[in-house]
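This report refers to the structure that appears directly beneath it.
Bear in mind these aren't lab numbers, they're just calculated from the coordinates by the rules spelled out. Bear in mind the structure is a predicted one, so any value in this text is a computation, not a measurement. Reconstructed Cβ throughout: ideal geometry from the backbone, glycine too, with neighbour counts over all protein chains shown.
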Amino acid sequence: MVRIAVDAMGGDHAPGPEVLGALRAARSLGIEVILVGRQERINAELAKHSDLGDAPVRIVHASEVVTMEDSAAKALRNKRDSSIRVAARLVRDGQADGVVSAGNTGAVMAIAKTVFGMIPGVERPALASPFPTVKGKPALMIDVGANVDSTPKMLAQFAIMGEIYSRLIFRTERPRVGVLSIGEEEHKGNELTKTAAQILRNLPLNFIGNVEGRDLYTGNADVIVCDGFIGNVALKVSEGLVDVIKHLLKESLSATITRQIGYVLSRSAFQDFRKRVDYSEYGGVPLLGLKGVCIICHGRSNENAIKNAVRVAAEFASGDVNDKIAIEMAAAVGPLAASQAV
């Protein structure tokens with residue numbers, strides 16, 4: 001049985017969503033979940049859901065909590081018994097196959113990097129987020145916030161990891177990889193994107209050149225590479241746009257009696273739309289490049305998001321994604337080393 005550790009104290013509304021999401025994941029997915037955090041608070045939440053019956057869930061106590069106000073350095077140095085650190089150690093020591101956290105992203109990344117270590121050939125971990133497309137299959141954007149500053153070589157590493165993830169998790173046969181820029185033409189972009197594109201042309205990837213922001217949703221690219229600053233802005237703009245569209249669509253359908261009838265008739269279509277764009281259906285995003293499985297969720301994650309994040313962590317662990325990244329990164333060492341002269 002796959003075992004996933006959940007940082008029960010990480011989210012904005014912890015530990016409620018973490019506990020309920022873990023229970024639902026354990027029951028529906030056949031996964032053992034280890035809830036890590038303050039035992040008395042976790043037990044109090046578990047008592048609220050006794051109607052769900054027995055589930056393969058256990059508790060590991062951690063006395064400290066990393067808050068959203070804590071800097072990554074403070075969390076790393078001063079909170080050695082925090083729930084995220086204890087959960088990460090469970091993975092490192094082989095007692096869990098992956099960790100899920102809705103906590104402080106910078107702190108989670110710093111702790112995971114320190115506890116797990118990096119895959120050889122990867123300088124920095126990167127967050128890879130799926131985006132829904134008009135063609136049905138998600139596009140993967142990498143990086144969406146782990147690194148606000150990146151080098152061209154790091155973007156090339158992100159591309160390799162994202163391409164592997166797309167193949168293994170989304171079953172994309174030969175992922176099309178593009179660099180996010182301000183135009184499709186080779187001469188467009190800044191020095192980072194233009195130099196990264198030069199490196200990617202020399203790697204054994206299905207590199208299609210520059211792609212634009214709209215290609216996040218067109219399905220014309222399977223993996224879209226960018227630095228974490230741009231990626232995070234794109235992610236947050238997309239989330240805000242989805243909320244506006246959902247609000248305006250519901251408002252328009254409910255405006256008149258005629259439209260109310262239409263709303264009733266189209267409710268299933270509306271619910272389908274919400275499901276396709278709802279971040280909680282994706283659960284969380286993987287932090288690629290580590291020697292361990294780490295899935296990071298929104299701070300405001302509900303129980304559905306936590307449940308799906310546990311699912312993603314289990315799929316990641318079962319697919320041996322990290323081992324495959326290590327193998328293919330080793331094969332790319334030569335071309336990437338040559339790129340340092342670029």
P(r) of the stretch 60-165 over all Cα-Cα pairs, 10 Å bins starting at 0, rounded to whole percent, reads 14, 39, 33, 13, 1
The local net charge around I31, scoring Lys/Arg +1 and Asp/Glu -1 for residues other than I31 whose Cβ lies under 11 Å from its Cβ, equals +2
Per-residue ellipticity at 222 nm attributable to helices in the chain (runs of n ≥ 4 DSSP H, -39500 (n - 2.57) apiece, nearest 500 deg cm²/dmol) works out to -15000 deg cm²/dmol
For A73 and K188, extending 7 Å from Cα along the Cα-Cβ vector and measuring point to point gives, in nm, a value of 4.0 nm
For the chain, using Cα atoms only, the Rg and Dmax in Å read 20.6, 67
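Longest exposed-loop-site-free stretch of the chain, with trypsin sites (Lys or Arg not before Pro), DSSP loop and at most 10 other Cβ within 10 Å?
Values: sites that count: R171, R214.
Result for the longest clean stretch: 1-170.
How fast does the stretch 160-228 diffuse by Stokes-Einstein, in µm²/s, taking the Kirkwood radius from C-alpha pairs at 4 °C and 1.567 mPa s?
On the way: Rh = 12.1 Å.
D = 107 µm²/s.
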Simple SL model, points at 7 angstrom along Cα→Cβ for R174 and H61; separation in nm is 5.8 nm
Net charge near K48 (other residues with Cβ under 15 Å of its Cβ; Lys, Arg +1; Asp, Glu -1) is -3
Under 5 Å from the placed amide H of G209, counting only residues 5+ away or on other chains, we find V179
In the chain, whole DSSP H helices that both stretch 18 Å or further along their axis by alpha carbon positions and average at least 0.0 on the Kyte-Doolittle scale are 16-29, 152-169, 228-253, 303-318
At the level of C-alpha centres, the distance separating the stretch 50-64 and the stretch 284-315, in angstrom, is 18 Å
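May I ask you to derive the FRET efficiency for D54 and D93 from their Cβ-Cβ distance with R0 = 22 Å, giving the value to the nearest 0.05?
Numbers: r = 26 Å, r/R0 = 1.19.
The computed FRET efficiency comes out at 0.25.
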